[in-house]
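Each remark here refers to the structure printed beneath this line.
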Amino acid sequence: MKLVFAGTPEVAVPALDALIASDRHEVAAVVTRPDAPAGRGRRLVASPVAERAEEAGIEVLKPARPRDEDFLARLREIGPDCCPVVAYGALLPRTTLDVPARGWVNLHFSLLPAWRGAAPVQHAITAGDEVTGASTFLIEEGLDSGPVYGVLTEEVRPTDTSGDLLTRLAFAGAGLLVATMDGIEDGTLHAVPQPAEGVTLAPKITVEDAQVQWSAPALRVDRVVRGCTPAPGAWTLFRGERLKVIQAVPVLDRADLAPAELSAAKNNVYVGTGSHAVELLWVQPQGKKPMRAADWARGVRIVHGELMGI
């Protein structure tokens with residue numbers, strides 16, 4: 001099939017690479033979000049998908065909105081049979097969905113209908129799911145509600161951050177997306193409606209959502225930290241400034257600290273929660289680089305009984 005691939009962040013690049021490498025399909029163009037300001041200088045930077053497409057000599061389309069007439073006219077000129085999508089980042093209106101004869105097919109990083117929305121991997125980890133996966137489905141105007149072509153499953157490991165899990169799903173999902181394109185092309189694959197039961201939503205995780213609540217049980221604190229790493233980054237307050245919590249592990253045999261109470265030894269830093277303590281392993285003070293929590297604690301000279309979150 002002639003394909004137009006839509007995607008934006010790094011997590012979409014493995015799928016683009018897999019489609020480029022396929023000997024059954026042609027990636028005629030790529031659709032991605034417009035260049036965005038990044039870095040200290042806030043200069044405009046192309047998306048990872050745009051950079052990869054340009055390296056491969058593929059036409060790149062960057063509409064401000066996927067309903068723009070200039071973009072739609074060019075898409076019709078290209079005449080794709082199908083448009084595979086991975087984390088494009090914009091809603092597709094009906095006028096755009098109707099262009100390819102075989103529709104737009106999304107690779108979504110959950111086992112639909114679980115975790116429909118922008119942050120399925122983060123929500124799977126914070127909810128304590130033991131298994132998640134990826135699904136390919138035909139995009140409709142509803143939120144991730146279209147019929148499903150294929151799925152794969154992936155274990156959520158006890159130490160997984162959302163970055164760890166998303167990386168594994170991106171590479172495994174790339175194979176699923178290519179297999180889906182193959183099955184659509186040769187007529188062996190047909191989309192099946194999602195069940196009405198089991199729908200859960202995964203809206204974008206905000207900075208406010210990522211604030212650690214030390215009154216929660218230690219296992220919940222651990223999940224929030226892992227689910228928000230690397231983005232948007234779990235955080236707390238310490239002496240009135242934000243402190244990013246990069247890694248914290250539950251300590252099941254220590255329950256002598258009140259919620260948010262700090263305890264620092266030579267090589268260990270503990271914080272009380274609503275159940276037992278967690279040990280801080282890596283933190284990032286405001287305006288500084290990530291560091292070992294023990295090094296941070298020595299530098300700030302924690303006072304006995306001092307509290308996080310203030």
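The values are calculated or read from the model by the stated rules, or taken from the named source; none is laboratory data. No experiment lies behind these values; they were computed from the predicted model shown. For neighbour counting, all protein chains shown are included, and Cβ atoms are generated from backbone atoms with ideal geometry for every residue, glycine included. Ligands, DNA and RNA are stripped out before the accessible areas are found, and what is left, the full protein with its side chains, is counted by its heavy atoms. Shrake-Rupley method; radii C 1.70, N 1.55, O 1.52, S 1.80 Å.
Ignoring lysines fewer than eight residues from residue 204 along the same chain, the ones with Cα atoms less than 23 angstrom from its Cα are 62, 244. A straight line joining the Cα centroids of the stretch 21-36 and the stretch 277-295 runs 40 Å.
Amide H contacts of residue 85: 6, 105, 106, 107, each under 5 Å away and 5 or more positions distant or on a separate chain (H built 1.01 Å from N in the peptide plane; Pro and chain starts excluded).
Top mean-square fluctuation among 53, 248, 258, Gaussian network model of the chain, C-alpha springs under 10 Å? Its mean-square fluctuation being the largest, the pick is 258. Under 5 Å between amide hydrogens, built in the peptide plane, is the criterion, and for residue 248 it picks out 281 among residues at least 5 positions away or on other chains.
Is there a quick way to get the dipole size of the stretch 1-102? I mean about its Cα centre, with the Cβ of Lys and Arg at +1 and of Asp and Glu at -1; what is the value in debye to the nearest 20?
On the way: 14 positive and 15 negative charges, 86 e Å.
So the dipole magnitude of the stretch 1-102 works out to roughly 420 debye.
What percent antiparallel are the DSSP beta bridges of the stretch 172-310, to the nearest 5? Intermediate values should be presented prior to the final figure.
Working: 21 of 22 bridges.
Around 95 percent antiparallel, to the nearest 5.
Counting each DSSP H run of 4 or more residues in the chain as -39500 (n - 2.57), what helix-only mean residue ellipticity at 222 nm follows after dividing by all residues, to the nearest 500 deg cm²/dmol? Kindly include the intermediate steps, with their values, before the conclusion.
Values: 8 runs with 81 residues, N = 310.
Here the helix-only value at 222 nm equals -7500 deg cm²/dmol.
Accessible surface of the chain, 1.4 Å probe: 53 percent of it comes from carbon and sulfur atoms. Looking at the stretch 1-111, the DSSP beta bridges with both ends there are about 20 percent antiparallel. Cut-off 11 Å, label point 7 angstrom out along Cα-to-Cβ of residue 192: give me the residues of the stretch 133-177 whose amide nitrogen falls inside. Label zone hits: 148-151.
Taking every DSSP beta bridge that has both residues in the chain, what percent is antiparallel when rounded to the nearest 5?
On the way: 36 of 52 bridges.
Expressed as a percentage, antiparallel bridges in the chain total about 70.
Accessible surface of residue 291, taken over heavy atoms with a 1.4 Å probe and every protein chain present, rounds to 50 Å². Only protein heavy atoms count here; under a 1.4 Å probe, residue 296 has an accessible surface of about 10 Å². Want the number for residue 153 to residue 300: 0.36 nm per residue separation, take away the alpha-carbon distance, what's left? Value of the extension gain: 48.5 nm. In order along the stretch 175-184, the phi-based Karplus estimate (6.51 cos²θ - 1.76 cosθ + 1.60, θ = phi - 60°) of 3J(HN,Hα) comes to x, 5, 5, 5, 4, 5, 4, 4, x, 5 Hz; Gly and Pro are listed as x. In this simple spin-label model, placing a label point 7 Å from the Cα along the Cα-to-Cβ direction at both residue 118 and residue 42 gives a separation of 2.0 nm.
Out of these labelled values of Rg/Rh (Cα atoms, Kirkwood Rh), [x] 1.33; [y] 0.97; [z] 1.05, which was calculated from the coordinates shown here? So the structure-derived entry is [z].
Using a probe radius of 1.4 Å on heavy atoms only, what accessible surface per residue do you get for the chain? Whole Å² is fine. Display every interim value, and only then the final one.
Details: 14920 Å² over 310 residues.
In whole numbers, the chain has 48 Å² accessible per residue.
Checking every one of the trypsin sites (Lys or Arg not before Pro) in the stretch 3-45 against DSSP loop status and a limit of 16 other Cβ atoms within 10 Å picks out 24, 40, 42.
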